[in-house]
2 protein chains.
Amino acid sequence: MRLNVAVIGGGSWGSTISKVIGENYANKRIEGNVTMWLYPETYNSVDLAELITTTRINSKYLPGIELPKNITVTSDIYSAVDGADVLVVAVPHEFLNKILQQIKNKVKSDAVAVILTKGLFFNGSGMELISSTIKKTLNIRACTLMGANIAGDVANSLFSECTLGYEDEEIKDTLLNLFDCKYFKVTPVKDSGAVEVCGTLKNVVAVACGIVSGHKEGANTLAAVIRNGLLEIVKFCDMFVQKSSTSEMIPRVFFESCGVADLIVTCTSGRNFKYSRMAAEKNIDISRIEEEEMNGQKLQGYSTIKDLKVFIEENKIEKEYPFLYAICLSASSDLSSKRILEVIQNRTE
Amino acid sequence: MRLNVAVIGGGSWGSTISKVIGENYANKRIEGNVTMWLYPETYNSVDLAELITTTRINSKYLPGIELPKNITVTSDIYSAVDGADVLVVAVPHEFLNKILQQIKNKVKSDAVAVILTKGLFFNGSGMELISSTIKKTLNIRACTLMGANIAGDVANSLFSECTLGYEDEEIKDTLLNLFDCKYFKVTPVKDSGAVEVCGTLKNVVAVACGIVSGHKEGANTLAAVIRNGLLEIVKFCDMFVQKSSTSEMIPRVFFESCGVADLIVTCTSGRNFKYSRMAAEKNIDISRIEEEEMNGQKLQGYSTIKDLKVFIEENKIEKEYPFLYAICLSASSDLSSKRILEVIQNRTE
């Protein structure tokens with residue numbers, strides 16, 4: 001097999017997946033180039049791409065992890081995507097549109113995008129999956145790769161599962177071969193949209209868990225928050241992606257790693273959980289936490305919440321999603337757990 | 001409404017549920033007696049039932065929590081069940097049969113049992129739900145009450161959800177009224193058997209989480225263990241209770257508190273998890289942990305595992321339940337995480 005891969009994004013997750021792919025190229029004797037693109041930036045006054053090329057370590061975003069020698073690192077987006085058969089999209093959601101505009105018309109027409117980026121494009125009352133945006137902008141196929149994957153643990157080869165959401169049967173095996181390995185087990189599921197929605201809304205539920213935990217609620221309460229979050233994620237998929245569940249049965253995809261497992265990890269160990277808890281404990285705004293504790297990096301959960309709140313209000317679906325809406329209200333105002341728990345307490349369905 | 005309730009079992013969970021019921025009697029003006037029966041035993045040389053009657057505190061099993069005044073405490077099993085309309089069964093699994101034999105023919109014929117006890121009766125190649133045992137022995141109706149309910153948190157009125165598994169529509173509302181309150185939300189589900197199986201097998205999965213965590217695997221790995229455990233619990237219900245799931249869809253009951261939520265709590269905060277982790281870390285037998293750390297109390301997960309292992313072997317269903325069986329093997333021998341993770345890594349379905 002000959003395959004050129006471009007990983008778009010050299011943060012902790014982009015670097016980690018590059019490591020997985022690079023190792024698979026070596027171990028499975030796949031031929032072709034693996035290129036990791038990262039935004040031009042410096043670390044300790046040195047160009048980061050050059051530093052990684054020399055040291056094999058992404059000291060800024062994935063310190064202590066050696067990247068395989070067969071990965072080329074660059075900050076030139078055009079050379080990265082030139083001739084690529086697979087585009088692994090791992091940039092933060094807020095930078096995605098700009099990058100898609102840059103590489104438009106530069107990508108092979110039979111290439112396939114694999115989306116690692118979490119986020120939906122809310123635009124007032126409208127909503128679009130990232131896969132739809134990519135299909136429209138680049139005119140190529142797109143699928144998703146998401147699951148219970150704290151980057152540092154995968155980078156350290158601790159065992160993880162992952163879900164490949166696909167639509168196109170033809171490319172499934174090629175992609176499995178690219179990503180699957182002994183410590184990173186990939187399961188394919190023909191339901192790409194649900195995988196994307198899970199990946200995005202889990203961060204919203206994690207914010208709720210952080211708030212509730214910061215207010216010293218117990219383990220039972222946290223489990224109730226996760227469970228109620230899962231139920232509204234299912235409903236969201238029914239309404240905006242594809243109606244699949246019934247009052248008695250729920251699609252298997254929510255039992256995949258991208259569903260219940262990713263929720264568990266994100267809501268108990270993820271950044272959105274941890275920093276929301278800290279904000280609730282200290283009773284300070286999340287923007288202060290982002291500044292003081294995260295070097296100005298933004299939490300995905302809060303930017304999703306901002307857009308989701310407008311989306312729910314514009315579409316007048318507050319009653320359909322009382323739990324997600326309560327999270328939006330709490331996170332946007334006083335980080336109180338009251339509204340969130342009231343919804344669970346009063347639920348009648 | 002007039003209703004006599006006997007809570008059979010005065011451990012931490014029996015005491016906690018007595019508190020919930022007692023409060024509901026006072027707040028909802030339900031008439032009748034609430035009696036908590038506990039095994040005759042002493043605490044600091046004083047009869048425990050008398051001590052609780054005097055101090056309103058179960059200092060041995062639920063210290064620091066005041067029980068409502070309307071609860072009568074007794075060690076006389078016959079006076080406890082005499083005239084009871086509802087028997088709340090909260091004794092440990094290993095004592096259940098003996099107590100059922102004692103109260104046989106002493107119970108009102110239209111009484112209903114509510115099972116809080118976790119466990120299945122494995123008997124070599126045979127298996128019986130506790131509800132079936134109770135129905136057979138006492139000749140009364142039975143349903144189950146299980147969920148993400150760490151006792152101490154419920155006792156402290158921290159918000160929890162719970163699932164009432166019932167079969168008989170007629171008694172549902174009466175039981176909801178008895179248990180449901182502001183901090184303990186009970187959802188009815190007409191699938192009592194699945195609720196029971198979840199309550200029992202969650203402890204087996206929690207043992208696996210403890211072993212894997214004790215071997216310093218990461219959060220992603222733990223989520224994978226919980227997820228794979230859930231999938232085999234579903235399969236177990238399909239095979240031994242009622243075939244409900246398909247390759248695409250899974251019954252809603254597993255999304256109730258008794259399912260995914262209870263698994264999350266038990267596998268991250270429960271006793272079976274904590275002490276298994278300790279045993280794996282120290283590389284010592286679980287029986288030593290039970291002696292040294294638990295005053296000789298037994299972990300439910302391990303007694304279930306012992307019976308489940310025989311059950312799987314006698315029925316030759318090792319291949320149908322590779323994950324549960326790997327847990328049985330690991331827990332019965334070296335507490336190694338290798339077998340458990342190998343099953344997940346090699347899974348092809």
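The values are calculated or read from the model by the stated rules, or taken from the named source; none is laboratory data. For clarity, every value in this text was computed on a predicted model and none was experimentally measured. Cβ: placed from backbone, ideal geometry, glycine included. Neighbour counts: every protein chain shown.
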Are any residues in the range A:132-158 in a helix (DSSP H, G or I) and among the polar types (S, T, N, Q), and if so, which ones? A:S132, A:T133, A:T137
Within the range B:1-27, the residues that are within 12 Å of B:L67 (Cβ to Cβ) and among the β-branched types (V, I, T) are B:V7, B:T16, B:I17, B:V20, B:I21
Among the residues of the range B:160-178, write down those that are assigned to a loop (DSSP other than H, G, I, E, B) and either within 14 Å of chain A (Cβ to nearest Cβ) or surrounded by 21 or more Cβ atoms within 10 Å (Cβ to Cβ) (or both). B:Y166
Sole residue being more than 9 Å from chain A (Cβ to nearest Cβ) and either surrounded by 24 or more Cβ atoms within 10 Å (Cβ to Cβ) or without any contact (Cβ under 8 Å) to a residue 24 or more places away in the chain (or both), chosen from B:C181, B:C198: B:C198
Only one of A:E281, A:E248, A:E256, A:E196 is touching a helix residue (DSSP H, G or I) at 6+ places or on another chain (Cβ under 7 Å) and farther than 24 Å from A:S332 by Cβ. Can you tell me which? A:E248
Out of the range A:236-262, which residues are assigned to a helix (DSSP H, G or I) and either hydroxyl-bearing (S, T, Y) or over 23 Å from B:A194 (Cα atoms) (or both)? A:F236, A:C237, A:D238, A:M239, A:F240, A:S257, A:C258, A:D262
Can you find a residue in the range B:218-226 that is surrounded by fewer than 24 Cβ atoms within 10 Å (Cβ to Cβ), in a helix (DSSP H, G or I) and either more than 9 Å from every other protein chain (Cβ to nearest Cβ) or modelled with pLDDT under 95 (or both)? no
The condition of being touching a residue at least 60 places away in the same chain (Cβ under 8 Å) and farther than 22 Å from B:V195 by Cα holds, among B:L62, B:L87, only for B:L62
Please give the number of the condition B:N203 fails out of (1) assigned to a loop (DSSP other than H, G, I, E, B); (2) more than 14 Å from chain A (Cβ to nearest Cβ); (3) at pLDDT 95 or above. (1)
Given the condition more than 8 Å from every other protein chain (Cβ to nearest Cβ) and crowded, with 22+ Cβ neighbours inside 10 Å, answer yes or no: does some residue in the range B:284-294 qualify? yes
Which one of the conditions (1) more than 14 Å from every other protein chain (Cβ to nearest Cβ); (2) touching a residue at least 12 places away in the same chain (Cβ under 8 Å) does B:T266 fail to meet, given that it meets all the rest? (1)
Unique match (being more than 7 Å from chain B (Cβ to nearest Cβ) and touching a Phe, Trp or Tyr at 6+ places or on another chain (Cβ under 7 Å)) among A:C209, A:C237: A:C209
Against the definition (more than 18 Å from A:G259 (Cα to Cα) and within 14 Å of chain A (Cβ to nearest Cβ)), how does B:F273 come out, yes or no? yes
May I ask you to verify whether B:S192 is modelled with pLDDT of 95 or more and of a type in the set (S, T, N, Q)? no
Within 30 Å of A:C258 (Cβ to Cβ) and surrounded by fewer than 18 Cβ atoms within 10 Å (Cβ to Cβ), is that true of A:P68? yes
Hey, can you tell me all the residues within the range B:230-266 that are among the small types (G, A, S) and buried (at least 24 other Cβ atoms within 10 Å of the Cβ)? B:S257, B:G259, B:A261
Taking the conditions exactly as written (under 30 Å from A:S157 (Cα atoms) and out of contact with any Asp or Glu (no Cβ under 7 Å at 6 or more places or on another chain)), does B:I233 satisfy them or not? yes
Could you list, in sequence order, the residues of the range A:76-98 that are under 19 Å from A:T304 (Cβ atoms) and of a type in the set (V, I, T)? A:V89, A:V91
Count - residues of the range B:327-349 that are crowded, with 21+ Cβ neighbours inside 10 Å and away from chain A (no Cβ under 14 Å): 5
Complete set of residues in the range B:295-335 that are over 17 Å from B:F273 (Cβ atoms) and outside any helix (DSSP H, G or I): B:N295, B:G296, B:N315, B:K316, B:I317, B:E318, B:K319, B:E320, B:Y321, B:S333, B:D334
Mind checking whether some residue in the range A:139-159 is touching a Pro at 6+ places or on another chain (Cβ under 8 Å) and more than 14 Å from chain B (Cβ to nearest Cβ)? no
Matching residues in the range B:212-251 - criterion: being among the basic types (K, R) and either free of Cβ contacts under 8 Å to residues at least 24 places away in the same chain or touching a Cys at 6+ places or on another chain (Cβ under 8 Å) (or both): B:K216, B:R227, B:K243
Kindly establish whether A:S125 is closer than 24 Å to B:N228 by Cβ and at pLDDT below 95. no
When restricted to A:K182, A:K172, A:K190, the only residue closer than 30 Å to A:I312 by Cα and among the charged types (D, E, K, R) is A:K190
Scanning the range A:287-310 residue by residue, the ones that are under 24 Å from A:Y325 (Cβ atoms) and within 20 Å of the chain's Cα centre (by Cα) total 13
Report whether or not A:V186 is within 21 Å of A:T117 (Cα to Cα), more than 9 Å from chain B (Cβ to nearest Cβ), crowded, with 19+ Cβ neighbours inside 10 Å and under 17 Å from the mean Cα position of the chain (by Cα). yes
Looking for something farther than 30 Å from B:F236 by Cβ and surrounded by 15 or more Cβ atoms within 10 Å (Cβ to Cβ) - is there at least one such residue anywhere in the range B:117-134? no
Mind listing whichever residues of the range B:313-325 are away from chain A (no Cβ under 14 Å) and farther than 18 Å from B:L299 by Cβ? B:E313, B:E314, B:N315, B:K316, B:I317, B:E318, B:K319, B:E320, B:Y321, B:P322, B:Y325
Among the residues of the range A:248-263, count how many are more than 7 Å from every other protein chain (Cβ to nearest Cβ) and either over 13 Å from A:K202 (Cβ atoms) or among the aliphatic types (A, V, I, L, M) (or both). 2
